[in-house]
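Take a look at the structure below.
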Amino acid sequence: MSEKMMGGGTPTPEDKKFGADASYEQLEAAIPEVAAMKGLDQRSDYHSLTLDDHTKKLVSNLESDEFVAGLPEKKRNLLILAGKTHDLGKASPEGQQVHPKDAEKRQYVGHEGESERMLRELLPKHFELSLEEIDFVAKMAGLHVAALNLVNNFEKEKEPKGKGLKSYDKFVALAEGIPGDDELIEKMRMIFALNRADKGAGYDEDSDMEDPKVQEIKKKADKQIATLNELEKALPALLGAIQGRRGGDQAAGIVLKGDEYVYEKPEAKKKVEVPVELRKLGRVLQDKTMAVAGVYAELQEIEKAEADDKLKSLGLTDEQRVAVLKTLE
């Protein structure tokens with residue numbers, strides 16, 4: 001942490017700047033917007049913890065996440081910093097609303113956008129971070145709700161295809177905008193790790209597990225985390241299908257085969273050459289010319305009766321079948 005000095009050598013508090021590894025307690029003591037989360041009752045069916053305790057539990061979950069533990073130290077610290085600050089917007093008037101069905105409860109529509117906005121102001125003021133690092137932390141915090149929406153979509157349809165890929169494509173476009181030289185799939189996994197930690201932070205070791213509210217929160221969290229893990233398993237196939245969709249495969253999608261998700265690329269259509277023999281029958285075959293051309297080589301290798309059956313399966317009339325069979329003699 002760097003700091004400017006006054007004449008007598010005493011640090012000037014407002015000039016102190018943190019590194020990405022600053023503890024939550026340090027941020028709470030120095031940054032009013034973080035301190036505002038302390039003791040805040042979220043008044044939500046999805047949380048039994050105050051906003052600061054929820055955040056501390058999320059950080060603990062992130063620190064113990066196997067994927068996060070394997071990240072380079074600086075990237076790991078930046079991701080955890082995003083976790084420490086992802087809910088800043090909930091303590092802002094712009095990030096919370098009275099629940100429309102219960103005046104005693106609160107909802108937080110748009111709080112993630114407010115968190116991102118606040119971070120873009122607070123990070124340069126309080127942290128020694130590059131512009132790219134600030135952008136990384138802000139975008140990671142701002143994407144955590146969008147990631148949950150993706151999880152909810154996947155829970156309803158685990159084999160999205162065609163237009164069903166549209167929401168995934170939009171989310172991937174956002175992930176592509178996260179700065180850094182990480183592979184896209186690694187960026188997605190970082191977002192998912194943050195989301196996994198968030199969903200598992202609705203209660204902590206001090207929560208009363210006999211409390212029906214806590215039990216319901218745990219039940220919902222376990223379900224969402226399981227779906228998130230399944231979605232992460234599908235990521236390679238999903239990213240392949242999205243690239244296929246962008247490349248023109250409008251039927252692109254993923255399929256679960258056994259225990260593996262796959263994107264089956266459409267087979268390239270082979271150009272069918274019309275044999276000379278069939279060109280002479282153009283007026284007779286009419287719209288059946290290309291269908292017969294596609295199997296003509298096969299017809300030449302099989303018995304006449306079998307060839308006739310094949311032509312019947314293509315919907316040829318008696319006249320058309322007789323004409324084609326003559327070319328095979």
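The values are calculated or read from the model by the stated rules, or taken from the named source; none is laboratory data. Note that the structure is a prediction, hence the values are computed from the model and not measured. Note: ideal-geometry Cβ built from the backbone for every residue, glycine included; neighbour counts use all protein chains shown.
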How many of the residues making up the range 153-166 are at negative phi, in a helix (DSSP H, G or I) and touching a residue at least 24 places away in the same chain (Cβ under 8 Å)?
4
Residues of the range 21-60 satisfying the condition of being among the aliphatic types (A, V, I, L, M) and either touching a residue at least 24 places away in the same chain (Cβ under 8 Å) or surrounded by 19 or more Cβ atoms within 10 Å (Cβ to Cβ) (or both):
A22, L27, A30, I31, V34, A36, M37, L40, L49, L51, L58, V59
Just one of E260, E273, E264, E230 is over 30 Å from I185 (Cβ atoms) and acidic (D, E); which is it?
E273
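What number of residues within the range 99-125 are part of a strand (DSSP E or B) and either small (G, A, S) or without any contact (Cβ under 8 Å) to a residue 60 or more places away in the chain (or both)? Give the derivation first.
Just the residues of the range 99-125 that are part of a strand (DSSP E or B), to begin with: 99, 102-107.
Within this subset, residues satisfying the condition of being either small (G, A, S) or without any contact (Cβ under 8 Å) to a residue 60 or more places away in the chain (or both) are 99, 102-103.
The total comes to 3.
Of the residues D204, D181, D198, only one is buried (at least 20 other Cβ atoms within 10 Å of the Cβ) and within 25 Å of I80 (Cα to Cα); which?
Criteria check complete, one pass: D198.
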With under 26 Å from L71 (Cα atoms) and in a loop (DSSP other than H, G, I, E, B) as the only criterion, which of D182, D198, D222, D169 stands out?
D182
Scan the range 220-231 and give yes if some residue there is surrounded by fewer than 17 Cβ atoms within 10 Å (Cβ to Cβ), without any contact (Cβ under 8 Å) to a residue 40 or more places away in the chain and closer than 22 Å to K56 by Cβ, otherwise no.
yes
Qualifying positions in the range 57-95 - assigned to a loop (DSSP other than H, G, I, E, B) and polar (S, T, N, Q)
S64, S92
From the list G294, G282, which one is over 52 Å from the mean Cα position of the chain (by Cα) and of a type in the set (G, A, S)?
G282
Meets criteria (charged (D, E, K, R), modelled with pLDDT of 95 or more, in the same structural domain as G200 (by TED's automatic domain parsing) and more than 16 Å from H144 (Cα to Cα)) for K56:
yes
Of all the residues that make up the range 61-92, how many are in contact (Cβ under 8 Å) with a residue 60 or more places away in the chain and farther than 12 Å from V137 by Cβ?
6
